[in-house]
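Peer 1: Handing you this structure, nothing more for now.
Here, each number is a calculation from the coordinates, and none is a lab measurement. It should be emphasised that the depicted structure is a prediction, and the values quoted were computed from it without experimental measurement. Cβ atoms come from the backbone with ideal geometry, glycine included; neighbour counts cover every protein chain shown.
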Amino acid sequence: MKARLLRVNSLSVIGEAFNAALASLNAHRLRSFLTTLGILIGTMAVIAVVSVLQGFSESISNQFSDLGSNTLTLRAVNEQENFRSGRINRLSFDDVDVLRYKVAGIERVSPVITAQLGVTSYRGRTATPQILGATEEAQDVLGVETTIGRFLTGSDERSGRRVVVIGTDVRDELRLPRDPVGEYLLIGREWFRVVGLLEKRGEIFGFSQDNRLFIPFSVARALTGTFERPSMEVSFTITDLTQVAQVRERAERAVRLARKIAPGKPADFEIRAADSFVQRFNQITATATAVLAGIVGISLLVGGIGIMNIMLVSVTERTREIGILKALGATRQDILIQFLLEAALLSLLGGLIGIVLGLLAGMGIAALIPNFPPAHVPIPVMIAAAGFSALVGVVFGIAPASKAAKLDPIEALRYE
Amino acid sequence: MIELRDIVKRYVLGEEVVLALAGVDLFIGRNEYVALIGPSGSGKSTLMNLIGCLDTPTEGRYILNGRDTSSLSEDELAEVRNREIGFVFQSFHLLPRQTALQNVMQPLVYRRMPPAERRARAVRALQKVGLGDRLDHRPNQLSGGQRQRVAVARALVGEPSILLADEPTGNLDSRTSAEIMALFDDLHAQGQTVVVITHEPDIAAHCRRTIRVLDGRIVEDAQNPARAA
């Protein structure tokens, strides 16, 4: 007999409880809204911040994605003291040759000189873009593309041609024609012919990536003077992606040797993966997200307590109704499910509204900050936010629902 | 089918033990029409709660349709109420936010009946009490008499073995009271077992048998002279 009495709740019962829960929330619309406001604001905050952070992070990743993870960069390291004493440590052209000829596993080497040549001018207008001396390898290693004309070639390098490839900001600032190829620029005291226009790259942290120009490495080297060591970085790609760590180690040893650094002494240079910046940025984003999750956890806790409070009031108000349902044959489980569903639904509605408002807020924030990438929220985050808000409702609905389920039918029926 | 054997019910109220029923023996057979009367505090409400399986006796046995319900768990009692008992209350006890039809369908929800069948049976029950044209009215759109008819339809929809009415006319005027009692007379004529708890002699007079409760005991159990329907 007991087995017959242990009934399994069919879907239709849940459906019925769902309708009853909706009707009950609808009957107290304002109260329901105010109750779920805590959940709403919590979810809205998390979605707004996540959308801004994710949009930011995605844009950074995209900007660095053309710099493959098989690219390493060698640069000189300077202590604060070096700048004060004026003895600034720089890479030498020998270091470039070491990488080029003495380290196995390196595919292409692209040294880039940051040249201090002075002002760039065109028909009386002046600009001060970043002047970079590079070889043809820069196109592949740094992922530079031209939209008009061509990039630097090996022939430019060998013959020391005075040619220049310019960024879009340079063209716009100097009011060059839309197609600037064939025009002549005065860089420092030398004339350069424009041979190409770089693809627009946009900004990172508000710094334009387009306010620069490339001249042949040999020309930059010649113009910066033989005695002075120019400020230089060397990027290089690795033939076999699985060998990155080994090649990096070999390169480090070879450069130490070339720079005559005694064993055990700290190196005055570093070799970094080009995407380590992205990794660091992602770490920052992850930390910010974790901190945020903690804050949201607290706000959802507060929201959950609000829901529990109102559900307890609601159970008391509906004591007689619960008595009626029990007289009609509702089991404790039936009552429990109905009130749990009501709490979950209340919380879920708050969560859903919060997600929508959070998205709007995120888009608004991203739009208000100049040069900020558009907001973006991954779908799984939204699903998780909705699921979590429903879960909060269930957890905080347990106490009121079990109070309702435990009511004595006679007492409940008599309740005024 | 209702068989009470030496039922004792004691309550603990604070430090005081109240003896609500002091040994009640009672048998009510199929298709009887019984009035339970007695002043307030006599124990007739306690008796009704026991018969309706809302409560269990402290001592004694209650056998309903051959099944001993004295030791059932709360959820087992809920199922017995759902299948065997149809309650009609003095203040109607309808669910205020639901329509007449939804109110009548509610007991069938707990019987895990498919919605279409639930609806068909609820419509039939409402037609039976003369409210076939009020299916979508909410309780506050209905008169007192109509509300009580909805309650009767809800009590009958599950085809219970007992229709248990607690002061069913207590909140109604005399004309509506007469209508409700006429409905009970009809149901009895159709074979329904009806138990009415009342303190009004007029109402009791509708029944075929009157049981008078006083101080937790049955003091009188009499067959009424047959009435013209």
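Peer 1: Under 20 °C and 1.002 mPa s, how fast does region A:69-274 diffuse according to Stokes-Einstein, given a Kirkwood radius computed over C-alpha pairs? Answer in µm²/s, whole number. Could you put the intermediate results ahead of the total?
Peer 2: Values: Rh = 18.0 Å.
Roughly 119 µm²/s, to the nearest whole number.
Peer 1: Oh, and also: Just the Kirkwood number for the protein assembly as shown, please: inverse of mean 1/r across all distinct Cα pairs, in Å, one decimal. Numbers along the way, then the final one.
Peer 2: Working: mean 1/r = 0.0310 Å⁻¹.
About 32.3 Å, per the Kirkwood formula over Cα pairs.
Peer 1: Related question: Assigning unit charges at the beta carbon (Lys, Arg +1; Asp, Glu -1) and nothing else, what dipole magnitude in debye, to the nearest 20, does chain A show about its Cα centre?
Peer 2: 440
Peer 1: Show that you can apply the helix-only estimate: for the protein assembly as shown, add -39,500 (n - 2.57) for every DSSP H stretch of four or more residues, divide by all residues, and state [θ] at 222 nm to the nearest 500.
Peer 2: On the way: 23 runs with 304 residues, N = 645.
Computed mean residue ellipticity for the protein assembly as shown: -15000 deg cm²/dmol.
Peer 1: Show which lysines lie in cross-link reach of residue A:260 when reach means a straight Cα distance below 30 angstrom and same-chain residues fewer than eight apart are skipped.
Peer 2: Answer for residue A:260, where 30 Å is the Cα cut-off: A:102, listed by chain and number.
Peer 1: How much net charge surrounds residue B:77 when only other residues with a Cβ under 10 Å from its Cβ are counted (Lys, Arg +1; Asp, Glu -1)?
Peer 2: Details: positive: A:326, B:81; negative: B:55, B:74, B:75, B:76, B:79.
Taking every Cβ under 10 Å from that of residue B:77, the sum is -3.
Peer 1: Using only the Cα atoms of region A:315-416, what do you get for the radius of gyration and for Dmax, in Å?
Peer 2: Considering region A:315-416 through its Cα atoms, Rg and Dmax are 20.2, 67 Å.
Peer 1: By how many degrees, 0 to 90 and rounded to 10, does the Cα axis of helix A:244-258 deviate from the longest principal axis of chain A?
Peer 2: 40
Peer 1: Right, next: Treating the beta-carbon of each Lys and Arg as +1 and of each Asp and Glu as -1, no other charges, what is the dipole magnitude of region A:69-274 about its Cα centre, to the nearest 20 debye?
Peer 2: On the way: 31 positive and 28 negative charges, 108 e Å.
The calculation lands at about 520 debye.
Peer 1: Now for a different question. Taking chain B as a Gaussian network, Cα atoms linked when under 10 Å apart, which of B:105, B:48, B:113 shows the biggest mean-square fluctuation?
Peer 2: Residue with maximal mean-square fluctuation among B:105, B:48, B:113: B:113.
Peer 1: Okay, moving on. Putting +1 on Lys and Arg Cβ atoms and -1 on Asp and Glu Cβ atoms, find which of A:358, A:410, A:340 reaches farthest to the positive end of the dipole of the protein assembly as shown.
Peer 2: Checking the options against the dipole of the protein assembly as shown, the answer is A:358.
Peer 1: Which pairs in the list A:326/A:406; B:44/B:128; A:326/B:128; A:326/A:403 are over 20 Å apart, alpha-carbon to alpha-carbon? Please report the intermediate quantities before stating the final value.
Peer 2: Details: A:326/A:406 10 Å; B:44/B:128 29 Å; A:326/B:128 25 Å; A:326/A:403 14 Å.
Pairs exceeding the cut-off: B:44/B:128; A:326/B:128.
Peer 1: Which of A:244, B:63, A:319 sits farthest toward the positive end of the charge dipole of the protein assembly as shown, with +1 on the Cβ of Lys and Arg and -1 on the Cβ of Asp and Glu?
Peer 2: The one lying farthest along the dipole's positive direction is A:244.
Peer 1: On to the next question. In region A:69-274, if the dipole is taken from +1 on Lys/Arg beta carbons and -1 on Asp/Glu beta carbons about the Cα centre, which of A:273, A:197, A:112 is farthest to the positive end?
Peer 2: A:112
Peer 1: Taking the 0 to 90 degree range and rounding to the nearest ten, how far is the long axis of helix A:332-368 tilted relative to the main principal axis of chain A, both from C-alpha atoms?
Peer 2: Tilt of helix A:332-368: around 30 degrees.
Peer 1: Right, another one. Taking the Cα atoms of region A:241-398 alone, what are Rg (to one decimal) and Dmax (as a whole number) in Å?
Peer 2: Computed over the Cα atoms of region A:241-398, radius of gyration and Dmax are 27.8, 93 Å.
Peer 1: Now a separate question. Taking the Cα atoms of region B:28-171, report the difference between the largest and smallest coordinate on each principal axis, in whole Å and largest first.
Peer 2: 46, 36, 28
Peer 1: Please identify every one of the trypsin sites (Lys or Arg not before Pro) in region B:1-99 that sits in a loop by DSSP and has no more than 15 other beta carbons within 10 Å of its own beta carbon. Kindly include the intermediate steps, with their values, before the conclusion.
Peer 2: On the way: sites: B:5, B:9, B:10, B:30, B:44, B:61, B:67, B:81, B:83, B:97; in loops: B:30, B:97.
In loop regions of region B:1-99 (DSSP not H, G, I, E or B), the sparsely surrounded trypsin sites (Lys or Arg not before Pro) are B:30.
Peer 1: Could you work out which residue, out of B:80, B:18, B:152, moves most in a Gaussian network model of chain B, that is, has the largest mean-square fluctuation with Cα springs under 10 Å?
Peer 2: Fluctuation is largest for B:18.
Peer 1: With everything on Cα atoms, drop me the angle between helix B:115-128 and the longest principal axis of chain B, reported from 0 to 90° to the nearest 10.
Peer 2: The two axes meet at around 80 degrees.
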